[in-house]
């Protein structure tokens with residue numbers, strides 16, 4: 001039987017994908033929403049002639065902003081997620097823990113009387 005990919009090259013994600021609401025819940029819970037959006041925006045800012053922006057990458061910005069704004073799901077092992085993790089100064093272990101929390105049922109909503 002032929003395979004589209006060799007079986008030994010297929011990897012199983014370490015953590016489940018997050019739906020957008022789960023992803024943004026964790027980002028907002030940890031207070032990183034503005035920092036994440038600022039990082040993505042910085043990719044589209046060339047800086048000035050005197051102070052060029054070392055992060056400037058308009059293709060990267062188009063990719064990152066599209067993914068953040070319109071993704072149907074987020075993959076923990078996606079290169080964009082890893083780049084954002086590094087930009088935010090977050091350890092892999094912390095992101096894994098937050099990712100797992102986001103994938104869980106999350107907090108239990110409470111009704112107010």
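Values quoted throughout were computed directly from the atomic coordinates according to the rules given, and no laboratory measurement underlies them. What you see is a predicted model; the values in this text were computed from it and never measured. Because the Cβ atoms are built from the backbone with ideal geometry, glycine has one as well, and the counts that use them run over all protein chains shown.
For the subset of the range 22-45 comprising residues that are in contact (Cβ under 8 Å) with a residue 12 or more places away in the chain and part of a loop (DSSP other than H, G, I, E, B), which member is nearest to the chain's Cα centre (by Cα)?
Once the filter is applied, the top-ranked residue is 32.
Would you check which residues across the range 24-54 are surrounded by 16 or more Cβ atoms within 10 Å (Cβ to Cβ) and more than 21 Å from residue 102 (Cβ to Cβ) and list them?
If the condition is that a residue be surrounded by 16 or more Cβ atoms within 10 Å (Cβ to Cβ) and more than 21 Å from residue 102 (Cβ to Cβ), then 42, 43, 44 are the ones that fit.
Of all residues in the range 56-88, count the ones that are in a loop (DSSP other than H, G, I, E, B) and in contact with a strand residue (DSSP E or B) (Cβ under 9 Å, 6 or more places away or on another chain).
Number satisfying all stated conditions: 4.
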